[in-house]
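Chemist: Below are the structure tokens for one structure; questions will follow.
The values are calculated or read from the model by the stated rules, or taken from the named source; none is laboratory data. Here the structure is a predicted model, which means the values were calculated and not measured. No Cβ is skipped: glycine too gets one built from the backbone with ideal geometry, and neighbour counts run over all protein chains shown.
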Amino acid sequence: MALRLGLGYGRRRSVAGGGPAPVPLIASVNAEGWSAEYAVPGDLPAFVTTLPSEMGPDGGSPKTVSVMRAGYDATGATAAYAESRIITKRKRQVYPNYTLATTATVALDDYVYSTDVIAGVTNNSTETSPKPIAAWVMPSRQLVGNSVHWELIAFHRDFRSNRQVACVRVRANDGTTQTAWQTVAATVISTLCEDANPVEAYAGDLDVSALATGAFWLEAEVYPWIGGAASVLKSEDLWAASASPREFTRRYFHRDTALAAAPPLAYVKNGGSDSTGVWSTNAATALATPFATVAGATSAITNATRGTASKTGTGARIRLVDNTASNSGTNGTSFPQGGAGIVIERAPGTARADAVMNFAGSLRLGLTCSVAGLEPHMTFYDVSLGRSVNTQKFYGESGTPIGLQFWNARITDTAGGQYQQNGNGYFFGVVFTNTIHWLGAGTGTQIRITRGVTADLNTTQIEPWIVIGSNLSRISAASATDPTKGVIYYANRFLLMNAYGPALAISAGAIGDVMTGIVFVQNLAEIIGGHANGAPGLRISSDNQFGDTVHTIVAHNTITGCSGTGRSNLFYDEGATTNNRRKHRLMRCVGNIHAQLNTKADIYVGGGLGMTDEAPNRTGQLAYSHGVGSEGEFSISCSADSSSTGGGFSPLYPGRRASLGTSLSVNNDPLFVDNKSMTSATDYGTGGGDYHLQGGSPARNRVLARGLAFDLGGAARPTSGLDASGAYT
């Protein structure tokens, strides 16, 4: 139904019996969705022809357009939301006339979707609300009884009411029977694993008592605040599309109440025997006849007299009694499992530090899985692992990789080199000593989630798919095995970053690639320096990279440093050739503290690269350059060309309530409580600072759009008024 919304601006016309009615400020929304044609060009105020000015006074009463938007509520039911799009400024012309405004085209503060309705205005937008970006963040492939715990995180550019999405719903399915949907709208601080930083998640405990004994899966749907049916993210759609287990698709478990109550047990301890050790569902019996090694225990599980042949490996638990050695070998027989994998855990009464599985050589257990499409799994829970020789590895079978889950574990590796072959890693609450190559992508392997990890990377790489709740020191460049799948960096502290290499680099890999779904939310990057004008702290499609980006959320990050060191290089459309033009759409940049804020497009190409003929084609970041989707941005230094706005390296307009540095030498100081990051070209930091904001910080009171309930320290974010920029409220 069309709405008659009085806007209070523009010329008026008479309506019979109703007096003058408002003429909408805009006549039409353009196809790109973020610009519009002003309804009465002759009424454009004179001051908007000066490009840096806004249509309305910042913080006052800007000119707005009322929009009715289709979406969803906290139950997953359809809803409609009234919002206001703010007219921020005239859209500029492209190079070489970039200092001039267009005749009547104005930029909006954010996108109008094709499903939005503006009374009296023609909506030509071709943009639609994207699907949320989500991930399961709990261990799976577990043996359960009548209940299963689940957790996921979700993000969307149209966040509101201190939540990223309206709701999520989850159900269990055994292929014949499905549970009722469990709908969750509020987030909680998770206690599932030993996170290094609080992780805000959607979570629930689902009753699965109606399901049959055997394997089942969880499936989920994520409902954005704004969007139609095509904007709902469904895990089953990804499963049908044969998505990788790394993506937001099914997560499997195994239900067996009897087996969960009395799983097959084997104990491993010094002095045990692989030839006489016994599996038993009775803990005392198993403890009385322990094995010497994990490999020996797995080899014996199907033994007619010492194993539990009818149980196979589904949910089997190997308990470490002490600091065991000689854990190596190859199983000569298949070690099958169903929906749940084997668990290696500490024995009751043994401290985690004393329950250690040391490698003596490579461990090849011959694991297989009877559930079609699933890789076999091992979970190391509440134990320690030790590795000292580069050739000591976990081996999966060719064509049947092994899934390795480490949950509340401690890992010491003095060897270096890849620790697995034909395997994929999942980390939940892990503390590393000398972690080299455990978190980085390797040949034929993936690191599918890095949650709650504490590690000194010593300038080695991580695989940046799902990195949450972690403290990672001395991180180097990130490298993904599939850069088109998007990434999630959330609730991390990246410490002691020495800026000798690009630390958090995100880019599509080749010409024509489209990277969909980039999340960089509520992280701290502590840049201590290493040399003047060092590497960026954050790169999202920057210098000489390729491919487009769609749906990027950069919110509430604190990136320290100054001048060029630790800078943010965002949404570039440049390059020395004509075949790598890029287009960036549906970005949302809210409440970040940057060391420096840089972007490049037509102005830079015409000036910095001197490609004047090509420059007018480099307009793929104009939405970002006009502040679309941006709010409360703060930078310590000005951009690389000594400009706050409108230069070849800087956005024309950084969004409402922004504060960008105006100097490369005098900092726009956010007043951290204890700043131990780099503060000048010659003043390197020592690290270990406190990056909460002092009471009088100029980074406070800048963010109206609220998408998180908690900050990086777990403190509640405000539910009204203006929030602070940065990771801490």
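Chemist: Here is a check on your reading of the model: is Ile468 under 21 Å from the mean Cα position of the chain (by Cα), over 22 Å from Pro536 (Cα atoms) and not aromatic (Phe, Trp, Tyr)?
Modeler: So Ile468 fails the test.
Chemist: Among the residues of the stretch 173-191, write down those that are out of contact with any Cys (no Cβ under 7 Å at 6 or more places or on another chain), among the aliphatic types (A, V, I, L, M), within 22 Å of Ala77 (Cβ to Cβ) and touching a residue at least 12 places away in the same chain (Cβ under 8 Å).
Modeler: Scanning the stretch 173-191 gives a single hit, Ala186.
Chemist: Same structure again: Is there a residue being of a type in the set (A, V, I, L, M, F, W, C) and either modelled with pLDDT under 95 or over 20 Å from Leu363 (Cα atoms) (or both) anywhere in the stretch 267-275?
Modeler: No, the stretch 267-275 contains no residue that is of a type in the set (A, V, I, L, M, F, W, C) and either modelled with pLDDT under 95 or over 20 Å from Leu363 (Cα atoms) (or both).
Chemist: Can you list the strands (runs of 3 or more DSSP E) found entirely within the stretch 514-571 that contain at least 1 residues being on the phi > 0 side of the Ramachandran plot?
Modeler: 514-521, 548-555
Chemist: Output the number of residues of the stretch 448-499 satisfying the condition of being β-branched (Val, Ile, Thr), within 22 Å of Gly564 (Cβ to Cβ) and surrounded by 23 or more Cβ atoms within 10 Å (Cβ to Cβ).
Modeler: 1
Chemist: Still on this model: I want to confirm something. Restricting to the stretch 378-412 and keeping residues that are among the small types (Gly, Ala, Ser), modelled with pLDDT under 90 and on the phi < 0 side of the Ramachandran plot, which single residue is surrounded by the most Cβ atoms within 10 Å (Cβ to Cβ)?
Modeler: So the residue we want is Gly396.
Chemist: Name the residue, out of Thr298, Thr257, that is hydroxyl-bearing (Ser, Thr, Tyr), over 30 Å from Gly486 (Cβ atoms) and modelled with pLDDT under 95.
Modeler: None of the other options fit; the residue is Thr298.
Chemist: If you go through the stretch 609-619 one residue at a time, do you hit one that is among the hydrophobic types (A, V, I, L, M, F, W, C) and in contact with a helix residue (DSSP H, G or I) (Cβ under 7 Å, 6 or more places away or on another chain)?
Modeler: yes
Chemist: Out of all the residues in the stretch 352-370, which are within 30 Å of Gly214 (Cα to Cα) and surrounded by fewer than 19 Cβ atoms within 10 Å (Cβ to Cβ)?
Modeler: Result: Thr368, Ser370.
Chemist: Give just the number: which of (1) without any contact (Cβ under 8 Å) to a residue 40 or more places away in the chain; (2) in contact with a Gly (Cβ under 8 Å, 6 or more places away or on another chain) does Glu375 not satisfy?
Modeler: Unmet condition: (1).
Chemist: Here is a follow-up. Could you look through the stretch 672-729, keep only residues that are surrounded by fewer than 17 Cβ atoms within 10 Å (Cβ to Cβ) and charged (D, E, K, R), and pick out the one that is modelled with the lowest pLDDT?
Modeler: Looking at residues that are surrounded by fewer than 17 Cβ atoms within 10 Å (Cβ to Cβ) and charged (D, E, K, R), I get Asp683.
Chemist: So which residues in the stretch 684-709 are closer than 24 Å to Leu496 by Cβ, free of Cβ contacts under 8 Å to residues at least 60 places away in the same chain and over 27 Å from the mean Cα position of the chain (by Cα), if there are any at all?
Modeler: Gln694, Ser697
Table: residues versus (1) crowded, with 22+ Cβ neighbours inside 10 Å; (2) modelled with pLDDT of 95 or more; (3) closer than 15 Å to Phe359 by Cα.
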residue: Thr414; (1), (2), (3): no, no, yes
residue: Gly417; (1), (2), (3): no, no, yes
residue: Asn424; (1), (2), (3): yes, no, no
residue: Phe427; (1), (2), (3): yes, yes, no
residue: Val430; (1), (2), (3): yes, yes, no
residue: Asn434; (1), (2), (3): no, no, no
residue: His437; (1), (2), (3): no, no, no
residue: Gly442; (1), (2), (3): no, no, no
residue: Thr445; (1), (2), (3): yes, no, no
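Chemist: Please tell me if Pro290 is modelled with pLDDT of 95 or more and farther than 26 Å from Ala210 by Cβ.
Modeler: yes
Chemist: Among the candidates Ala499, Ala505, which residue alone is outside any strand (DSSP E or B) and modelled with pLDDT under 90?
Modeler: Every option except Ala499 fails the conditions.
Chemist: Which of the numbered conditions does Ala340 fail, given that it passes all the others? Conditions: (1) closer than 24 Å to Ala455 by Cα; (2) part of a loop (DSSP other than H, G, I, E, B).
Modeler: (1)
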